[in-house]
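Only the coordinates and a few stated rules stand behind these numbers; no lab work does. In this text, all values refer to a predicted model and were calculated from it rather than measured experimentally. Because the Cβ atoms are built from the backbone with ideal geometry, glycine has one as well, and the counts that use them run over all protein chains shown.
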Amino acid sequence: MKKGNDFFNDVYDVVRQIPVGRATSYGAIAAYLGQKRGARQVGWAMGSSYQEHDIPAHRVVNKAGELSASQLFETPTTMQERLESEGVKVDNNRIMDWDKVFWDPEKELI
DNA sequence: TGCTTGACGACGA
DNA sequence: CTCGTCGCCAAGC
């Protein structure tokens, strides 16, 4: 059986709980999972199979609120349009009011 | 088996 | 505030 898949499943579970109009960072998820230094692995895990799962990957951005994954979506603007559709303002691939939109699983999630 | 890359983060200039 | 460098972990070649 797989062994490191638990990390994947946990990442997906956290992402699914992200409320609409909010967003979180890879580092925050990694820290919530106890892998504070696994921020890159979070993005790698999702990018490897997020299409096979039903998770709002567009609500996950880097610590700077930048849509670094926008070009991995169907189109380079899909991620931005989806966020704006949920009420999140995006400017130059960066979330505006990031400090307000930021959703910390360690504090919001129990 | 070993080197390189990557949806990142923190620190310094 | 923006740019550049180093560090972490896992997968790919």
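For every helix of n ≥ 4 consecutive DSSP H residues, a contribution of -39,500 (n - 2.57) applies; sum these over chain A, divide by its total residues, and give [θ] at 222 nm rounded to the nearest 500 deg cm²/dmol. Don't skip to the answer; put the middle values down first.
Values: 5 runs with 42 residues, N = 110.
Theoretical 222 nm ellipticity from helices: -10500 deg cm²/dmol.
For chain A, how many pairs of lysine residues have a Cα-Cα distance under 27 Å, where the two are 8 or more positions apart or belong to different chains?
Going through chain A pair by pair, I get 10.
Whole-Hz ³J(HN,Hα) for each residue in region A:53-61, computed from phi via Karplus 6.51 cos²θ - 1.76 cosθ + 1.60 with θ = phi - 60°, x for glycine and proline: what do you get?
10, 9, 10, x, 5, 6, 8, 10, 10
Compute the relative contact order of chain A as a whole-number percentage, counting only Cα pairs closer than 8 Å that sit 6 or more residues apart in sequence.
29 percent
How much length is gained if the chain between A:Val20 and A:Arg40 is pulled fully straight, taking 0.36 nm per residue apart and subtracting their Cα-Cα distance, in nm to one decimal?
On the way: separation 20, 0.36 × 20 = 7.20 nm, distance 2.37 nm.
Between A:Val20 and A:Arg40, full extension yields an extra 4.8 nm.
With the crude spin-label approximation of a point 7 Å out along Cα→Cβ, what separation in nm comes out for A:Ser85 versus A:Leu109?
2.3 nm
What's the angle, to the nearest 10 degrees (0 to 90), between helix A:39-49's Cα axis and the longest principal axis of chain A?
Computed tilt is about 90 degrees.
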